[in-house]
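Chemist: Below you'll find the structure I mean.
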Amino acid sequence: MSWLVHETRLLLRSRLALVALLLLLLLSTLAVWSGMREVARQQQTIARLAGLQQQELAVQARKYVDGADAGSAAYYTFHNTWDAPSAGAFLALGLRDAAPYVLRVRALALQAQLHEGESFNPELALAGRFDFAFVLVYLAPLFLIALLYDLVSGERRAGRLQTLLAMPGAGRRLWLRRTGLRAALVYGCLALPVLAGALSSGTSMAALIVVLASTAAYLAFWSGLALIIATRGVSSAANAMTLMGCWAVLTLILPTLANVLLARAVPVQQGVELMLAQRQAVHGAWDLPPGATMEKFLRSHPEWRHTAPLPAGFHWKWYYAFQQLGDESVAPQVSAYREGLLARQRWTARLGWLLPGVGVQAALHRQADTDLQAQLAYQDRIADFHARLRGFYYPYLFNDIRFASNDFAAQPRFSPPDPPTPVPASQLLALVLMGLAVLILGAAAAGHVRPTRV
């Protein structure tokens, strides 16, 4: 292991290398700390709103001591739903930075309530959150480039290359040792804060292994690419420019172009459009004969057909009937909307087999349960709860049963399951295969270093 001590001593004599490693360690530590702080803030918000929800329910219950219409209780009572962050969410916040993780719903039409949270300033979300995924995808390759771009050309410029190549144990093994040492130090600067954050947050061992393996595979790709370019026999400036061009193309230009092409190839309605369509159907029901609305509702819900007929004037069961019909009127658009989003997600996963930055982001977001699948799963849990809420109120509404204060305790409660621990097997496999392939090509290129320039 004397070579390791020797190579480490040589590397740390370089002020640039030492500063670069310390800066990367600082940035990854700040990213992990920032992610953990954001997760803690979200958890505190969920806990605070849960307490406020209990207070609001107690206030509402006191209004119904003598009993009242269930429709009024359903209209004025909001119910909390929430999507608690997983233990590893601090590493890659994903859609939690833009999509709502707490939503209060009523027994009214659901789609408008689901998509009201999409109204935010897009400029605020444009830059994204500074988290570990950002540091790994965009910044870590730059530090590897800074440490490896003059791996061979620096020795040639100093006049030591011919002597190095003549020494025993030189050649391919020398460049692989030096590349491996630099990549290992970069990996350590990234992994140490992750380990500390994982221990603090209670991240599972399986999730931690996936994150560390994804990080290693991504760094292997960039180390192999740097080896291929740094051993070509051209100047340090040419190597740096080439590697920076590869970084810009692979992490910025191609993902952006792919996103634009994907948006055109798989057009998807905005959630706001669904909200407007559903609201238009609901508001339009006020101008229709109540009897026609009820007849349409009872055709799809025959279990209420034998209840009392609709009386003259306003009645809550008519109101909630056209609220549900509003949701049912946009059901095909909702299905198409979700299928379009999932189709984009599938194509993005396929892009991860070609673009390592896309692949590692997809793997981290899936592992952290902060991707599109997680957001749609939260909406499914809200829809299931909303269906139970309607099922609770409808017997009161259609059978004209008075709603008393003790009935508030019987209302359904939103109780999400524990956050899952997904394993992004396909994304991880793509990263590992891509990293190994490029690393093997880099190792092959390292065996063809010549003392003179090409």
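The values are calculated or read from the model by the stated rules, or taken from the named source; none is laboratory data. Just so it is clear, the structure is predicted and the values come from calculations on it, not from any experiment. We place every Cβ from the backbone using ideal geometry, glycine too, and count neighbours over all the protein chains shown.
Chemist: Can you tell me which condition Phe90 does not meet? The list is (1) within 35 Å of the chain's Cα centre (by Cα); (2) modelled with pLDDT under 70; (3) part of a helix (DSSP H, G or I), and all the others hold.
Modeler: (2)
Chemist: Given Tyr393, Tyr378, which one is crowded, with 19+ Cβ neighbours inside 10 Å and out of contact with any helix residue (DSSP H, G or I) (no Cβ under 9 Å at 6 or more places or on another chain)?
Modeler: It is Tyr378.
Chemist: Oh, and also: Quick check, is Leu21 at pLDDT 85 or above, more than 19 Å from the chain's Cα centre (by Cα), under 27 Å from Leu136 (Cα atoms) and surrounded by fewer than 16 Cβ atoms within 10 Å (Cβ to Cβ)?
Modeler: No; evaluated as a whole, the condition is false for this residue.
Chemist: Turning to a different aspect of this structure: I'd like the full set of residues that are charged (D, E, K, R), more than 24 Å from Gln411 (Cα to Cα) and surrounded by 13 or more Cβ atoms within 10 Å (Cβ to Cβ), limited to the range 29-59. Please lay out each step first, then the result.
Modeler: Just the residues of the range 29-59 that are charged (D, E, K, R), to begin with: 37-38, 41, 48, 56.
Then drop every residue that is not more than 24 Å from Gln411 (Cα to Cα), which leaves 37-38, 41.
Residue satisfying the conditions is Glu38 alone.
Chemist: Then there is this: Mind checking which residues of the range 283-328 are touching a residue at least 60 places away in the same chain (Cβ under 8 Å) and assigned to a helix (DSSP H, G or I)?
Modeler: Scanning the range 283-328 gives Trp304, Trp316, Lys317, Tyr319, Tyr320, Gln323, Gln324, Gly326, Asp327.
Chemist: Taking the range 339-355, which residues are assigned to a helix (DSSP H, G or I), in contact (Cβ under 8 Å) with a residue 40 or more places away in the chain and closer than 25 Å to Ala216 by Cβ?
Modeler: Thr348, Ala349, Leu351
Chemist: Let me confirm something: among Val438, Val358, Val449, which residue is of a type in the set (Val, Ile, Thr), part of a loop (DSSP other than H, G, I, E, B) and buried (at least 20 other Cβ atoms within 10 Å of the Cβ)?
Modeler: When all the criteria are applied, what remains is Val449.
Chemist: For the range 244-280, enumerate the residues that are loosely packed, with under 12 Cβ neighbours inside 10 Å and of a type in the set (Gly, Ala, Ser).
Modeler: Result: Ala248, Ala263, Ala265.
Chemist: Report, by residue number, each residue of the range 255-264 that is in contact (Cβ under 8 Å) with a residue 12 or more places away in the chain and over 20 Å from the mean Cα position of the chain (by Cα).
Modeler: The answer is none; no residue qualifies.
Chemist: Please go through (1) in contact with a Phe, Trp or Tyr (Cβ under 7 Å, 6 or more places away or on another chain); (2) over 27 Å from Trp353 (Cβ atoms); (3) of a type in the set (A, V, I, L, M) for Ala216 and return the number of the only condition it doesn't satisfy.
Modeler: Every condition holds for Ala216 apart from (2).
Chemist: Another one. Can you tell me which of (1) part of a loop (DSSP other than H, G, I, E, B); (2) out of contact with any Phe, Trp or Tyr (no Cβ under 9 Å at 6 or more places or on another chain); (3) of a type in the set (S, T, N, Q) is the one Gln269 doesn't meet?
Modeler: Condition not satisfied by Gln269: (2).
Chemist: Among the numbered conditions (1) at pLDDT 90 or above; (2) under 30 Å from Val210 (Cα atoms), tell me where Ala263 comes up short.
Modeler: Every listed condition holds for Ala263 apart from (1).
Chemist: Restricting to the range 253-272, count the residues that are under 16 Å from Phe221 (Cβ atoms) and of a type in the set (A, V, I, L, M).
Modeler: Initial filter on the range 253-272 (under 16 Å from Phe221 (Cβ atoms)): 254-255.
Those still in the list that are of a type in the set (A, V, I, L, M) too: 254.
Within the range 253-272, residues that are under 16 Å from Phe221 (Cβ atoms) and of a type in the set (A, V, I, L, M) number 1.
Chemist: Okay, moving on. Take the residues of the range 98-117 that are touching a residue at least 60 places away in the same chain (Cβ under 8 Å) and part of a strand (DSSP E or B): which is surrounded by the most Cβ atoms within 10 Å (Cβ to Cβ)?
Modeler: The qualifying residue surrounded by the most Cβ atoms within 10 Å (Cβ to Cβ) is Leu103.
Chemist: Out of all the residues in the range 335-353, which are among the aliphatic types (A, V, I, L, M) and out of contact with any helix residue (DSSP H, G or I) (no Cβ under 8 Å at 6 or more places or on another chain)?
Modeler: Keep residues of the range 335-353 that are among the aliphatic types (A, V, I, L, M), which gives 336, 341-343, 349, 351.
Ala336, Ala343 - these are the residues of the range 335-353 that are among the aliphatic types (A, V, I, L, M) and out of contact with any helix residue (DSSP H, G or I) (no Cβ under 8 Å at 6 or more places or on another chain).
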